[in-house]
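Only one structure is covered here, and it is reproduced in the block below.
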Amino acid sequence: MKSFINNKIFIESNEYTYRVEHLTLEGTCSTDHGPRNVKIKNLLVDKYPVTNQQYSFFLKKTGYQPRDSQRFLEHKLNKKKINLPVVFVSQNDAIAYAKWVGGRLPTDEEWQYIAAGPKYLDWPWGNKFNPSLCNHDSNKLESVNAHRKGESWCGCADMAGNCWEWTAGIHNDGNHQFALLRGGSYFYAPDHWHVGGGARKNNYHWKLQILNEGMNRAATLGFRCVYDAK
Amino acid sequence: MMQNKFTDKKKSIDFSLGNLDLSLDLNKNVFLKKLNFIKNINNELFIIRVENKLIPKNKYKIEKVSKNTDVNFTVISIDFSQNFENDFFKGRISFVQKKKNIIDFIFQLSARWYKDIPKKVLLKFPFIINLHKNKNFLKPGDIFDGKKRIKKGVWNLHEYPPSIISDNLGIESLGFEFYDQFPWQANYNLGMSEAISSENFEKFETEVQLTQEFTDIILMKIYTSFKGREKIFSLWKENTRKRYDLRKYHDSNNRWIKKNYLQHFMFAYGEEAFDYKKIQFKINQIIKEGKQFGGYDSILFWHQYPRLGLDESNQWQLYKYLPKNYKTIKKIVDICHSHNIKFFIPFKPWDIRSNESLDSHAKFLEKFIKETNIDGFFLDTMSSLPESFLKIQKKFPSFEFCSEGTPREQRQIETLTSSWDQIGDIRRNFKVDINSNFFRFLFPEHPLNLVSRWSVGSDKDALIKRAAFNGMGMVIWQDIFGCWLPFSIEQKKKIKSLKNILKKYHKYFYGDNSIPLIKTLSKKIICNEFSNSFGKQKIYSIYNFGSNKINGRILKLPLAVIEFKQIYGKKVNIQIEKKQNTFYLLANLDANDVILVNIKFQI
């Protein structure tokens, strides 16, 4: 399989009104969903989620081993999967990679701006859902460059569907720790009690309540990096 | 013995069946003139409307009045017929007595339709409507508060308690049950049951589909009592329970669940349950904190929801992802067992994938029991026990199931031996009402744990009072899927006190002779009576639902009192007064207070 280069895309500093629409079935998502004004600094952002190939290279170069390896890369990296997004990584695993490449995870606010842009698009490609432009409700991950027409306003691919993406930070409401995931995934569970799956809108995040690393990793959960730019 | 008097001239019939005295006028249609202490009723038993036209009274013809007496029962039947336009109707009214205090009233009807094309037929029962209007008539679960009838008894199963009418002294009573076991209006009886509980019963007409053969339209059981409405409840309870196979509850192996007074809901994802630094569950801390509530009897571990569905992992796989996979659960179970605490895990019926079945989940469960030694399975969102799981109990006799919803149907009540009594509507200004749960009294062997997950502040106070009033355990659930809603120190103390009382007086609270909403001497007080069949000792749960303090006689007691003691609630001055060989309980009870009083009687 031929590999490809994960380009970086420049995002120019801007301000936008952050507003997330996130209704939990039960419980709460104790973060400020806006609307509030957010300033985005100059950024470089990965065009694609980090792939298996990139993550393999990182492992090879750094010898990274998570302190708790339960479910770490459970899908097993191999040559056939090089262009699939890396999954079964915890937020710590993602941060370790990001640091190594000189970047970091995007904040929840940055991620939304990268996906929706100054025109506040509902989906990366526009305002109408189009399942053919993303990996939605299927049974497996696809190559991160499989849906070129589904790219966001700035050229970022795979921002809806395929795999959820970690954002930066652990939120703490005083009694619980949680992280915010973005974009949805290929997997669309059948019941309303399940995590709402499939591709998700730009202004949606899901609250992943943190537990041990085995629980913090999933077959549908990957990440992409951003890089502070001048 | 039955006294039957029927004359052609008068066309009236007076008879006694067991404790029921009736007088019917058969001049035009069938009129009920007298029913025990209810006299001058003068209401038609039924009115038939065919395609919006009432059949006139003079169209009815009494064909036959008959009685049939056997060693086992007595039947009185009145056969009638009527021609109306081009159709011909036949009917039969029967009173069947098998026991002297339970008489069946059966109303049957048939039609021979013109050109065999059925018409729309609506039936109305004026005599029941008249009873319904009587000032002493109580709809199921109702009491009088001095001004009006208010609902203080609730039930959520497919048995329908009787309406009750009593004489002015509240001594002689009649109960009317439209027996049914179905969840929705599948037959005429359920329609009647629902209608009689509603405000607009006088407008209610039941639509019937008639054929040439007799159709049962109404099957009404009439219960008679000379010992007040309490006896009506007891008769209904006895009669209802006779249909049930309750052996499983009395199986000597596995009924530890009866003493599951406090169940802790251990939501995995929070500071209460999880140490984020040590990456381990705080089971010892939870057990320690549980002592503030009087000690947990069981713990329900919860980590699948709201996490399931993030990927294809099913509910069992999520246990493998815990630290050291199944061993984490095993370790927690062992710690719980060392404190004599039982351990539950939940089952999610909504997470059955296309390649799975209830049987396959039963296999997972069996494996899980063997590996972890868990004690019970909590049936999330369910109120029934699947047959696949029932088999598990044959292999593991002490294994228990507890469902989120109280079982409603006979088979489920027989097989599923514990459940939550869950109340509350999510965030719709739900107010916890303090009333009697009739299920609790109909099936005292089925332990219920009260829970209202979103209730806070004064609603949590009310919840504890409701548990005390019904003599039932609770679910201690403070972390509601990531929303921290703890009990206060004062509330914990009250729960601790309640648990100790439930434990100490277990045989009375779970006794087979308990009755909800017994008659009180104050219109703003409701009371439940807990006792076993020996009746030497009873516990009364008393609630002042009014807005003023009540000071004085609260209950007339059934027997001479030897000893009395307040065992729960804010200390109040209670006294026993004896007057002309009658004993009364007196109390000085604040508004909105619940107290429990234990009384020993002389027998």
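We did not get these values from a lab; they are worked out from the coordinates using the rules stated. Please read these numbers as outputs of a predicted model, since none were measured by experiment. Because the Cβ atoms are built from the backbone with ideal geometry, glycine has one as well, and the counts that use them run over all protein chains shown.
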Below 12 angstrom from the Cβ of A:GLY197, what's the summed charge of the other residues (Lys, Arg +1; Asp, Glu -1)?
-3
Might you report the magnitude of the Cβ-based charge dipole of chain B about its Cα centre, with Lys and Arg at +1 and Asp and Glu at -1, to the nearest 20 debye?
1740
With the contact rule set at Cα under 8 Å and sequence spacing of 6 or more, what percent relative contact order holds for the stretch A:79-230?
31
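Between beta-carbons, use under 10 Å as the cut-off and find the net charge around B:LYS600, counting Lys and Arg +1, Asp and Glu -1.
Values: positive: B:LYS536, B:LYS538, B:LYS565; negative: B:GLU563.
The answer is +2.
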At 222 nm, what value in deg cm²/dmol follows for the protein assembly as shown if DSSP H runs of at least 4 each add -39500 (n - 2.57) and the sum is divided by all its residues, to the nearest 500?
-5500 deg cm²/dmol
Ordered by number, the trypsin sites (Lys or Arg not before Pro) in the stretch A:1-76 that occupy a DSSP loop and have at most 16 other Cβ atoms within 10 Å are A:LYS2, A:ARG19, A:LYS41, A:ARG67, A:LYS76
Apply the Karplus parameterisation 6.51 cos²θ - 1.76 cosθ + 1.60, with θ equal to phi minus 60°, to every residue of the stretch B:298-310 and state each ³J(HN,Hα) to the nearest whole Hz, in sequence, with x for glycine and proline.
8, 10, 9, 7, 9, 9, 7, 9, x, 9, 4, x, 5
Average silhouette area of the stretch B:4-241, convex hull of alpha-carbon atoms, in square nanometres
13.3
Considering amide H positions built from the backbone, and no H for Pro or chain starts, which residues 5 or more places from B:ILE299, or on another chain, come under 5 Å of its amide H?
B:HIS264, B:LYS342, B:PHE343, B:PHE344
Can you list the residues, at least 5 places off or on another chain, whose amide H is less than 5 Å from the amide H of A:ILE40, using H built in the peptide plane?
A:ASN14, A:GLU15, A:TYR16
Identify, among A:GLY214, A:PHE88, A:ASN175, the residue whose Cα sits farthest towards the positive end of the charge dipole of the stretch A:8-228, taking +1 on the Cβ of Lys and Arg and -1 on the Cβ of Asp and Glu, with the dipole about the Cα centre.
A:PHE88
Given charges of +1 on the Cβ of Lys and Arg and -1 on the Cβ of Asp and Glu, with all other atoms neutral, how large is the dipole of the protein assembly as shown about its Cα centre, in debye to the nearest 20?
1720
For every other residue with a beta carbon closer than 14 angstrom to the beta carbon of A:GLY169, add +1 if it is Lys or Arg and -1 if Asp or Glu, then tell me the sum.
-3
Applying the Karplus parametrisation 6.51 cos²θ - 1.76 cosθ + 1.60 with θ = phi - 60° to the phi angles of the stretch B:165-170, what ³J(HN,Hα) value in whole Hz is obtained for each residue in order, glycine and proline being reported as x?
10, 10, 6, 5, 8, x
From the residues B:GLY170, B:GLY290, B:PRO323, which one has its Cα farthest along the dipole of chain B in the positive direction, the dipole being from +1 and -1 charges on Cβ of Lys/Arg and Asp/Glu about the Cα centre?
B:GLY170
What residues qualify as long-range amide H neighbours of B:ASP145, i.e. H under 5 Å apart, gap of 5 or more or another chain, H built at 1.01 Å from N?
B:ILE150
Dipole of the protein assembly as shown [Lys/Arg +1, Asp/Glu -1 at C-beta], most positive-end residue of B:MET472, B:PRO161, B:TYR568:
B:TYR568
Taking θ = phi - 60°, what integer Hz values does the Karplus form 6.51 cos²θ - 1.76 cosθ + 1.60 yield along the stretch B:40-57, in sequence order, with x for Gly and Pro?
6, 6, 6, 10, 5, 5, 8, 10, 10, 10, 10, 6, 6, 10, 6, 6, x, 4
Give me log10 I(q)/I(0) at q = 0.05, 0.08 Å⁻¹ for chain B, Debye formula, one equal scatterer per alpha-carbon, no solvent.
-0.27, -0.67
